[in-house]
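Below is one structure, written out as structure tokens, with a few remarks after it.
The values are calculated or read from the model by the stated rules, or taken from the named source; none is laboratory data. If you're wondering where the values come from, they're calculated on a predicted model, not measured in any experiment. Please note: Cβ atoms are built from the backbone with ideal geometry, for glycine as well, and neighbour counts cover all protein chains shown.
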Amino acid sequence: MSESVSPPTVLVLDDEKNIRRAIEIALQQEGMRVIAAHDPASALRFLQERIIDLLILDIKLGEIDGISFFKIAQSAGFTVPTLFISGNATLTQAAEAVKIGALDFIEKPFSAERIVIAVKRCLEFSTLKERLRLSEARNGSEEIIGDSAAINKVIATARKVAATGASVLISGQSGTGKELVANAIHAHSDRRTMPFVKVNCSAIPEQLIESELFGYVKGAFTGAAANKRGLFEVANRGSLFLDEVADLSLGAQAKILRVVQSGEMQKVGSEEAVTVDVRVLSGTHKDLKEQVAKSLFREDLYYRLNVVPIRVPSLRERPEDIPLLAQFFARRVCEKNNIKDKPIDDEVLSELKRYHWPGNVRELQNVMERVITMSGERVSLLDIPEEIVAVIDVSANRHAGSALREFRDKSERDFILATLRRNLGNISQSAVELGVGRSYLHRRLAVLGIAKREWFS
């Protein structure tokens, strides 16, 4: 449902008066505004005069079919989220409707509950896309996606400290997006037109880290056939992000301390000091205070780097951002592979929010790439990787005692069976009555061990 104060406005274009009236009554009972149009000309006029949140469009109209009208509206600049309905559309027409941008397609006759569920799903999907668009516009190339209080605090702190020259220590679990925060700080600083150099300190062998950071002169060691600039020199007048800074050797730490304190450094094999102007940003998934206590990290360097601390929350600390992130990664995969955006069922987003995401945002990104690659025209519960479903189910069961769990499963089993038998085994109608998607119902049938022969007993 729309998050705006005013209720959503739905435009219904259908040449059958009874259908228009039935939809109008069903949606008005849910607090929505409904505008009914009996022909394409009226619908176009309403699109020009009003802000429409959703268009319900019949495929079979009079002189012009719904798909043609949809294309006309698009070419006129009206990109309204659209739900197609039809009583006798072909599979080809249904597929084309989805292909050209429809959010959903339902067949007539439908119950009031079915149309309400479909409309709410389309409105929620549309709202989610708009939130994602605003989030992307707000964050620009940084790609810090989310609008939770936790991530907004990170963004606000990053932008505030960006205007200064202070060193920043960015902490957080692996995969939370520490590098993106560093990107944001540099992008909003007065050094943004200068180099931004990133180095993963844990990925460089200890014997090479000093030559990588500070460079070397010809003849400094075997194989040093020419002078080489170090990363501090490359980042001169810009910013240097030392990711996993806790993995630096104590020797390298001492030399970095000198650069941070005085702006001076020495290349390997040289006795001359080189002056650089570099803002140092650091990242770590370890507790640097604990590293200091264990004498694994220099205390003086810790205080130099930790002038402004920023902690990036884990994904499970901001579950409300998961739908936005999932949509963002899904869209990026679609763009990368030149395929049409795939709608993601609400049940999928709800399930993703229940998972604990040990790999954080990076894990979610990988999962969405897999899901989008392997799914059909839309993403349903059946597309969620089995290993994630298993963890979600185990987690849910862990919070319920065995007796309670058995009672719950038996009650759910009996209720689903009764619904199926009442509808003579019709999965679609049963799913509507149960208020769930068909994919979710299929999954519950498998989990609860309900065989098809039992549907008609």
Would a scan of the stretch 126-144 turn up a residue that is over 17 Å from Phe329 (Cβ atoms) and modelled with pLDDT of 90 or more? no
Going through the stretch 47-83 in order, the residues found to be of a type in the set (Ser, Thr, Tyr) and either without any contact (Cβ under 8 Å) to a residue 24 or more places away in the chain or outside the structural domain of Pro109 (by TED's automatic domain parsing) (or both) are Ser68, Ser75, Thr79
Select, from Pro323, Pro309, Pro313, the only residue that is surrounded by 16 or more Cβ atoms within 10 Å (Cβ to Cβ), at negative phi and in contact with a Leu (Cβ under 8 Å, 6 or more places away or on another chain). Pro323
Going by the structure shown, is Leu57 buried (at least 20 other Cβ atoms within 10 Å of the Cβ), under 21 Å from Glu107 (Cα atoms) and within 33 Å of the chain's Cα centre (by Cα)? yes
Taking the conditions exactly as written (of a type outside the set (A, V, I, L, M) and within 20 Å of Arg318 (Cα to Cα)), does Thr222 satisfy them or not? no
The stretch 76-111 - residue that is hydrophobic (A, V, I, L, M, F, W, C) and part of a loop (DSSP other than H, G, I, E, B) and, of those, farthest from the chain's Cα centre (by Cα): Ala89
Please identify the pairs in which a residue from the stretch 153-170 that is under 13 Å from Asp190 (Cβ atoms) has its Cβ atom under 7 Å from the Cβ atom of a residue that is of a type outside the set (Gly, Ala, Ser) and assigned to a helix (DSSP H, G or I), counting only partners at least 6 apart or on another chain. Val161/Ile185; Ala162/Ile185
Taking only pairs six or more apart or across chains, which ones have beta-carbon atoms under 7 Å, a first residue in the stretch 31-46 that is closer than 19 Å to Lys120 by Cβ, and a second residue that is aromatic (Phe, Trp, Tyr)? Ile35/Phe46
From Glu210, Glu206, grab the single residue that is assigned by TED's automatic domain parsing to the domain that holds Val308, surrounded by fewer than 17 Cβ atoms within 10 Å (Cβ to Cβ), touching a helix residue (DSSP H, G or I) at 6+ places or on another chain (Cβ under 9 Å) and among the charged types (D, E, K, R). Glu206
